[in-house]
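None of the figures in this text is laboratory data; all of them are computed from the coordinates on show. Keep in mind the model is a prediction, meaning the values are calculated, not measured. When we count neighbours, we look across all protein chains shown, and the Cβ atoms used for this are built from the backbone with ideal geometry, even at glycine.
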Amino acid sequence: MIRSSLLLLLSVLAISTATAGRPDSLRHPDEKHLRNIRQLTFGGTNAEAYFSSDGKKIIFQSTRPPYHCDQIFTMNLDGSDQRLVSTGAGRTTCAYFFSGDRRILYASTHSHGKDCPPSPDKSKGYVWGVFNSYDIFSAKADGSHLRVLTASDGYDAEGTVSPTGDKIVFTSSRDGDLDLYTMNLDGSDIRRISTQLGYDGGAFFSWDGKRIVYRGYHPKDSAEIREYKDLLSEQLVKPGKMEIFVCDADGSNRKELTHTGTANFAPFFHPDDKRIIFSSNMKDPRGRNFELYVMNDDGSNLEEVTFGGYFNSFPMFTRDGKTIMFVSDRNARDPYEFNVFLADWVE
């Protein structure tokens, strides 16, 4: 999936930033919003970890032996009982629990072949693969009773479920561009909610289900437009310039919150629905150091949250706002290692 491709690019920078054994040794001294950081996974490339709706389980994607590309796993809050819940074939991404936690959602290429899709052509520069072979599936929480929800001729992935339990938002190229769509939990009533040329994706609902936050790139001049269209025809997209947007759940009242010209992604609403946390490389001229930032839902009052490691992303709060989960390279001991962390959130 395109987000995990970013992890692979940054993995060579993975270093140990803490010494095990000291109290809260995984926390950088400047991380005033984080306390009691604990590491849940050890080894492999782990990403996009999200809580179940009852807060008792975690679903995440991971590349680890014997698999050569991402598969979907679940685990307990302490990292125990890690179980494969995808098919083990193809490449998967963007898993999420349905409300009630009896079913899960994820995208996979397995119905188009058991092998991993080929990696994007490096001669194109740093690009993500938005493969047409991705379809969106639901399954029971243990991975059984798999059902296809979307199976268009284009890319269908990046699905998440509203906390109110009534809608799914996802990204698709079914109409020739990478846009946001919503659908019912059974895949019915698919509606396109973004139409501007360019990539819109990585969307999450607000906790009240009334709004959506997402990342977007919209080429402006003729050269950018031509490059975007050419790459999309090859099932690729460049992620170097993405901003954070919000809109109502029907796509109306769209507003751009960041204007950095850098890579901003993985936005998520704080449970007060008045703040948004996201990942960005805005402070690194080389574009390689990603930290978490929090801002008001109008883009104001931007504040850096993380300072440890070279990569921090995929943040998610528990419903009570007391705990945050994120992925980081802090304390990594091997290349290509990114792990899942929990921390207490301090206001």
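The label point for residue 210 and the one for residue 274, both projected 7 Å from the Cα toward the Cβ, are 1.4 nm apart. Think of it this way: in the chain, 94, 247 stand alone, with no other Cys Cβ under 4.7 Å. From the largest down, the chain spans 53, 45, 42 angstrom on the principal axes of its Cα atoms. Taking all Cα pairs closer than 8 Å and separated by 6 or more residues, the relative contact order of the chain comes to 19 percent. Only DSSP H runs of four or more residues enter the estimate; each adds -39500 (n - 2.57), and after division by the residues of the chain the mean residue ellipticity at 222 nm equals -2000 deg cm²/dmol.
Near residue 104: Cβ cut-off under 13 Å, other residues only, Lys/Arg at +1 and Asp/Glu at -1. The net charge is +3.
Our note on the geometry: Cα centres of region 147-214 and region 80-117, 17 Å apart. Please find the FRET efficiency linking residue 223 to residue 283, where r is the Cβ-Cβ separation and R0 is fixed at 35 Å, and quote it to the nearest 0.05. That pair, residue 223 with residue 283, gives E of 0.80. Coupling constants for region 181-188 follow from the phi torsions by the Karplus curve (6.51 cos²θ - 1.76 cosθ + 1.60, θ = phi - 60°), and in residue order they are 9, 10, 7, 6, 5, 9, x, 8 Hz; glycine and proline get x.
A simple spin-label model places the labels of residue 144 and residue 296 5.1 nm from each other, with each point 7 Å out along Cα-to-Cβ. 3J(HN,Hα) couplings calculated from phi for region 108-120 with the Karplus curve 6.51 cos²θ - 1.76 cosθ + 1.60 (θ = phi - 60°) are, in sequence order, 8, 9, 4, 6, 10, x, 7, 7, 5, x, x, 5, x Hz; Gly and Pro show x. Neighbours of residue 144 by Cβ distance under 14 Å: Lys/Arg scored +1, Asp/Glu scored -1, total +4.
Annotation: amide H-H contacts under 5 Å for residue 115 (H modelled 1.01 Å from N, sequence separation of 5 or more, or interchain): 90. Taking a ≥ b ≥ c as the square roots of the eigenvalues of the Cα gyration tensor, region 214-330 is classed as oblate, since a/c reaches at least 1.5 and a/b does not exceed b/c. For residue 41, nonlocal amide neighbours, meaning residues 5 or more places apart or on other chains whose placed amide H falls under 5 Å from its own, are 340.
Let me make sure I get this right: for region 126-279, a, b and c are the square roots of the gyration tensor eigenvalues over alpha carbons, sorted descending. Under 1.5 in a/c it's rounded, otherwise prolate if a/b > b/c, else oblate. Which is it?
oblate
The distance between label points at residue 256 and residue 36 comes to 4.1 nm (points 7 Å beyond Cα on the Cα→Cβ vector). Compared with the direct C-alpha span, the chain from residue 319 to residue 151 gains 57.3 nm at full extension, assuming 0.36 nm per residue. When the Gaussian network model of the chain links Cα atoms closer than 10 Å, the mean-square fluctuations of 300, 328, 52 top out at 300. Considering only 193, 324, 277, the mean-square fluctuation computed in a Gaussian network model of the chain, springs between alpha carbons under 10 angstrom, is largest for 193. In terms of the mean number of neighbouring beta-carbon atoms within 10 Å, the peptides 142-152, 92-102 order highest first as 92-102, 142-152. Taking all Cα pairs closer than 8 Å and separated by 6 or more residues, the relative contact order of region 263-345 comes to 22 percent. Protection proxy ranking of 253-261, 54-62, by the mean of other Cβ atoms within 10 Å over each peptide's residues and highest first, is 54-62, 253-261.
Need one number: convex hull volume per residue for region 124-167, Cα atoms only, in Å³.
Value for region 124-167: 122 Å³ per residue.
A Förster radius of 45 Å combined with the Cβ-Cβ distance from residue 83 to residue 197 puts the calculated FRET efficiency at roughly 0.65.
For region 165-177, backbone phi angles converted through the Karplus equation (6.51, -1.76, 1.60; θ = phi - 60°) give residue-by-residue couplings of x, 10, 9, 10, 10, 8, 10, 8, 10, 4, 9, x, 9 Hz, Gly and Pro being listed as x.
Summing +1 for each Lys or Arg and -1 for each Asp or Glu among the other residues whose beta-carbon sits under 15 angstrom from that of residue 114 gives -2.
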